[in-house]
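For reference, the structure discussed in these notes is given below.
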Amino acid sequence: MQNKSLEPRRRFLKNAAGSGLAAFAGLAGAQSFDFKPNQRYPDPSVLILDPSFAKYRIYSSTVEQLGTGMRWAEGPVYFPEGGYLLCSDIPNNRLMKYDEKTGKFTVHKQNANYANGNTRDRQGRLVTCEHSVTRRVVRTEKNGRMTVLADSYEGKRLNAPNDVVVRSDDSVWFTDPTFGINGEWEGSKATPEQATTNVYRIAKDGQLSAVITDLVNPNGLAFSPDEKKLYVVEWKGTPNRSIWSYDVAADGASVSNKTKLIDADGPGALDGFRVDRDGNLWCGWGFSGAFAPEPTDIGGGLKAHLPLGKSEEMDGVKIFNREGKPIGFIRLPERCANLEFGGPKRNRLYMASSHSLYALYVEAHGAV
């Protein structure tokens with residue numbers, strides 16, 4: 001006898017097949033969001049803040065939601081050989097996979113050691129920051145085996161590796177704030193062993209060095225297209241979150257000339273970012289959660305410390321030119337933590353945003 005109570009679920013799964021939400025039924029324990037793309041062109045979510053950004057906007061391209069059901073999406077990385085993207089779902093301790101060919105969004109790996117930032121090295125291997133419990137940077141070999149690239153510095157455990165990039169000389173650069181050990185939400189709480197929160201470089205021969213030691217919780221990082229500049233987000237900068245620019249030495253082993261390139265300006269929140277071939281910085285953006293120091297009467301005998309910004313006005317991707325001038329903004333219904341250029345032409349912007357993965361075709365191409 002057919003179970004009629006299962007029919008609504010069967011219809012849902014049938015209708016979802018082939019879409020970005022096809023595998024959501026298996027992503028239990030997380031919130032999903034209905035998303036309606038804009039019907040008209042150009043997409044009003046893609047805002048031109050400066051006329052120079054107009055050439056990067058495709059008139060007939062709209063923001064798409066490719067998958068949902070995560071708790072905090074991070075670290076997208078694209079693999080052109082397979083035509084797929086991986087991203088981290090940190091609180092759920094897993095890596096997710098979006099397949100461009102099928103449109104399916106599925107679990108790629110469970111028990112991912114609270115993976116955060118991911119990148120692809122020059123040999124096409126996955127490099128991951130496991131930012132809690134194991135607290136290490138690892139490389140997944142082509143045969144699936146794991147190679148530990150770094151887990152300690154000067155005899156003490158790393159804090160919580162966060163984001164990672166690979167330079168053309170095969171050196172691996174990563175940030176090491178304390179987010180993954182600050183509480184129980186994205187791993188397990190632990191006491192930091194490092195005296196500072198650093199940016200590290202792993203040389204091709206495996207030698208680990210601290211190249212930047214004076215930033216408070218460094219976060220996203222990226223190189224300029226010519227690799228002569230290194231950009232790093234300072235998550236807890238003074239007074240605001242910032243992106244700092246450094247000159248990279250000719251031998252590629254050190255940096256100097258620290259210069260503030262971008263200031264998040266009050267309640268703005270910078271996180272991960274990518275650089276395009278023209279040197280523009282495409283930055284995950286949102287509200288920092290800052291609240292007023294003094295409470296406000298909200299009625300009912302309650303006083304609350306109200307937020308200093310509105311998430312619905314700030315969530316998305318903010319684009320800056322190489323001089324640090326804001327030129328464009330992509331408005332999203334969720335805060336964007338990190339992003340990646342992908343697709344066969346490297347012109348599809350993938351945006352890992354809180355619970356969901358979004359994408360937008362643009363007339364820009366990833367620098368790496």
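The values are calculated or read from the model by the stated rules, or taken from the named source; none is laboratory data. Given the structure is predicted, the values throughout are model-derived calculations rather than measurements. Cβ sites come from the backbone with ideal geometry, for glycine too, and all protein chains shown count toward neighbours. When the accessible area is computed, the model is the full protein with side chains, heavy atoms only, and any ligands, DNA or RNA have been set aside. Shrake-Rupley method; radii C 1.70, N 1.55, O 1.52, S 1.80 Å.
A few notes on this one:
- Residue check for ALA112: touching a residue at least 24 places away in the same chain (Cβ under 8 Å) and more than 16 Å from THR175 (Cβ to Cβ): yes
- On the stretch given as region 182-198, residues that are open to solvent by less than 40 Å² (accessible area, probe 1.4 Å), farther than 17 Å from THR128 by Cβ and under 23 Å from the mean Cα position of the chain (by Cα) total 3.
- Residue in region 65-88 that is of a type in the set (A, V, I, L, M), open to solvent by 10 Å² or more (accessible area, probe 1.4 Å) and modelled with pLDDT of 95 or more present: no
- Flag for ILE330 being surrounded by 21 or more Cβ atoms within 10 Å (Cβ to Cβ), of a type in the set (Val, Ile, Thr) and in contact with a helix residue (DSSP H, G or I) (Cβ under 7 Å, 6 or more places away or on another chain): no
- Conditions (1) in contact (Cβ under 8 Å) with a residue 60 or more places away in the chain; (2) open to solvent by less than 30 Å² (accessible area, probe 1.4 Å); number of the one not met by ILE212: (1)
- Here CYS336 clears all of (1) under 19 Å from SER45 (Cα atoms); (2) in a strand (DSSP E or B); (3) in contact with a Cys (Cβ under 9 Å, 6 or more places away or on another chain) except the condition numbered (2).
- Cross-chain or 6+ apart pairs with Cβ under 7 Å, region 305-325 first and without any contact (Cβ under 8 Å) to a residue 24 or more places away in the chain, then open to solvent by less than 50 Å² (accessible area, probe 1.4 Å) and assigned to a loop (DSSP other than H, G, I, E, B): HIS305/ALA292; LEU306/ALA292
- TYR59 vs. criteria open to solvent by 70 Å² or more (accessible area, probe 1.4 Å), among the hydroxyl-bearing types (Ser, Thr, Tyr) and either in contact with a Ser or Thr (Cβ under 6 Å, 6 or more places away or on another chain) or on the phi < 0 side of the Ramachandran plot (or both): yes
- Residue that is farthest from VAL199 (Cα to Cα), among those in region 130-155 that are charged (D, E, K, R) and surrounded by 14 or more Cβ atoms within 10 Å (Cβ to Cβ): ARG139
- Residue list for region 156-181, filter: part of a loop (DSSP other than H, G, I, E, B) and open to solvent by 10 Å² or more (accessible area, probe 1.4 Å): ARG167, SER168, ASP169, ASP170, THR178
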